[in-house]
Amino acid sequence: MKTPLAALFLLLVLLPAAVLAQEEKTPITDDQKPAVEAATAWLSGIDAGGYGASWQQAAASFRGAVSQKDWETALTAFRKPLGALKSREATRAKSLTSLSGAPDGTYVVMEFAAAFANKKEAFETVAFSREDDGKWRAVGYFIR
């Protein structure tokens, strides 16, 4: 059974934002760069309207928490109105071995400063985990 949409945002959306809420801007480390690069590519797919593909590329835990249909509905409601991406820059990242409500693992929670056609200043917080195959995949996303 999939999590209701409101609960989804608590798990996948607010959790990553809370991790960085009190952090100062910190440089991206060499160890974090592969996660930042994976997140940047994943976000580019969302920018292009590939909402279904972004769900398919996300971590199994993400796909298990929300259906593809609910994910597409959420992005259509919250991301699409922002319009075309104008700029995006990774501003900070935090490496973690645990996230609340998730199994222990290797995580990087990142913040990107972004500008869109219909929102001049936005911040995207993305959480990625390194999966068993060594690839970095999304486990959370939040725009403010």
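The values are calculated or read from the model by the stated rules, or taken from the named source; none is laboratory data. Please read these numbers as outputs of a predicted model, since none were measured by experiment. Neighbour counts run over all protein chains shown; Cβ positions are idealised from the backbone, glycine included. Just the protein is used for accessible areas: all its heavy atoms, side chains included, with ligands, DNA and RNA removed. Shrake-Rupley method; radii C 1.70, N 1.55, O 1.52, S 1.80 Å.
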Identify all residues within segment 72-84 that are open to solvent by 10 Å² or more (accessible area, probe 1.4 Å) and either in contact with a Ser or Thr (Cβ under 6 Å, 6 or more places away or on another chain) or part of a helix (DSSP H, G or I) (or both); write none if there are none.
GLU72, THR73, THR76, ALA77, PHE78, LYS80, PRO81, LEU82
Got at least one residue in segment 124-141 being over 17 Å from ALA38 (Cα atoms), within 15 Å of the chain's Cα centre (by Cα), open to solvent by 40 Å² or more (accessible area, probe 1.4 Å) and touching a residue at least 60 places away in the same chain (Cβ under 8 Å)?
no
Of the conditions (1) open to solvent by less than 30 Å² (accessible area, probe 1.4 Å); (2) modelled with pLDDT of 95 or more, LYS69 clears all except one; give me its number.
(1)
Restricting to segment 86-125, and then to whatever is polar (S, T, N, Q) and not in a strand (DSSP E or B), can you tell me which residue is nearest to SER44 (Cα to Cα)?
ASN118
Close pairs from segment 46-69: first within 12 Å of GLY140 (Cα to Cα) and in contact (Cβ under 8 Å) with a residue 24 or more places away in the chain, partner open to solvent by 20 Å² or more (accessible area, probe 1.4 Å) and in a loop (DSSP other than H, G, I, E, B), Cβ under 7 Å, at least 6 apart
ALA59/GLU131; SER61/ALA102; ALA65/THR3; VAL66/LYS2; VAL66/THR3
With the checklist (1) at pLDDT 95 or above; (2) surrounded by fewer than 16 Cβ atoms within 10 Å (Cβ to Cβ) in hand, flag the one item ARG88 doesn't pass.
(2)
Report, by residue number, each residue of segment 16-65 that is open to solvent by less than 70 Å² (accessible area, probe 1.4 Å), modelled with pLDDT of 95 or more and within 17 Å of ALA114 (Cα to Cα).
VAL36, ALA38, ALA39, THR40, ALA41, TRP42, LEU43, SER44, GLY45, ILE46, ASP47, GLY49
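Of the residues LYS119, LYS94, which is open to solvent by 40 Å² or more (accessible area, probe 1.4 Å), of a type outside the set (A, V, I, L, M) and more than 22 Å from LYS33 (Cα to Cα)? Before you say what the answer is, go through the steps one by one.
Working: LYS94 fails: more than 22 Å from LYS33 (Cα to Cα).
Checking each option against the conditions leaves just LYS119.
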THR3 fails exactly one of (1) in contact with a Lys or Arg (Cβ under 7 Å, 6 or more places away or on another chain); (2) modelled with pLDDT under 95; (3) within 16 Å of VAL139 (Cβ to Cβ); (4) among the β-branched types (Val, Ile, Thr), namely (1)
